[in-house]
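To start, the structure itself, in structure tokens.
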Amino acid sequence: MDEDGLPIVGSGIDLTKVPAIQQRRIVAFLNQFIVHTVRFLNRFSTVCEEKLASISLRIQQIETTLSILEAKATREVQRVPLELKAEALVENVMTVAKDPRYARYLKMVQVGVPVMAIKNKMVLEGLDPSLLDTPDAPVPDGVKKGADEQDDDSSGSESSFSD
């Protein structure tokens, strides 16, 4: 035993001579531990519930604000006439008449070059000759050629019709 009267466990101690542990003291310590732990957990759960309620209220406020914004946005969209939207979409679409690859062939038709000759030339260059009949239709591939390629093509193709 040490100076406090507590037994020291070790290899040289005879455990049969060590006094028994006081069960009442251990039960009291255990009860004290359980009471303090339960109080802590009760306080902790109360704080968590309060924070959860606060967050739930904030989420409801955000949802309300979002609903108001959606209603305002829907009202603004309904004010814009559908025709204006359609016109804006049509302006952004590349039509046959606007495409420089097809525009020169349409110009040839206006000048009086035979349509079959123009269509044959379009087939040779890999273009769709049926689009010559519908100048306001959208271009299928919608790809514009660069200015360099366009200049090279226009000088060679127009000279073949100049005879």
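For a quick check: sort Arg39, Arg101 by the number of other beta carbons within 10 angstrom, fewest at the front. Mind showing how you got there, number by number?
Numbers: Arg39 10, Arg101 21.
In order of increasing Cβ crowding within 10 Å: Arg39, Arg101.
Give me the one-decimal Kirkwood hydrodynamic radius in Å for region 9-54, with the sum taken over alpha-carbon pairs. Write out the running numbers ahead of the final one.
Details: mean 1/r = 0.0707 Å⁻¹.
Here the Kirkwood hydrodynamic radius works out to 14.1 Å.
Given the Cα-Cα distance of Thr134 and Asp14 and 0.36 nm per residue of separation, how much length would full extension add, in nm?
Details: separation 120, 0.36 × 120 = 43.20 nm, distance 11.11 nm.
That pair, Thr134 and Asp14, stretches by 32.1 nm at full extension.
Hey, can you grab everything whose amide H is under 5 Å from the amide H of Thr95? Only 5+ residues off in sequence or another chain; H modelled, so Pro and N-termini drop out.
Those lying under 5 Å, H to H, from Thr95 are Val139.
Any read-out appearing in this document is the output of simple, stated calculations on the displayed coordinates, not a laboratory observation. Because the structure is a prediction, the values reported are computed rather than measured. Counting neighbours? That spans all protein chains shown, and the Cβs are built from the backbone with ideal geometry, glycine included.
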